[in-house]
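Working notes, beginning with the structure itself.
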């Protein structure tokens, strides 16, 4: 949540200054950070699912981590494909 708020404030400042290259770099950096956090949630969820207690929380971690990771990876793929044409 904090990452999202900081990203939005940085986006406002960079877009007002018409610094679109730096905006793309910051936005990409935030996406990579969120991807790493999502992968960490996925891995921790998988590790926790092997324990006998807390399977609900492990499932939530796996679900959220997988959904966010897939979303960001697809976003990167779409951006790469569109930048080629």
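What follows draws every value from the coordinates through simple rules; no lab data is involved. Values in this document were obtained by computation on a predicted structure and should not be read as measured data.
Which whole-number percent is the relative contact order of the chain (Cα, under 8 Å, 6+ apart)?
Relative contact order here is 23 percent.
Does anyone have the angle between helix 2-16 and the longest principal axis of the chain? Alpha-carbon axes, 0 to 90°, nearest 10?
Long axis of 2-16 versus the principal axis of the chain: about 10 degrees.
Cα centroid distance between the stretch 70-85 and the stretch 12-49, in Å?
14 Å
Helix-derived [θ] at 222 nm for the chain: sum -39500 (n - 2.57) over DSSP H runs of at least 4, divide by residue count, nearest 500?
-31500 deg cm²/dmol
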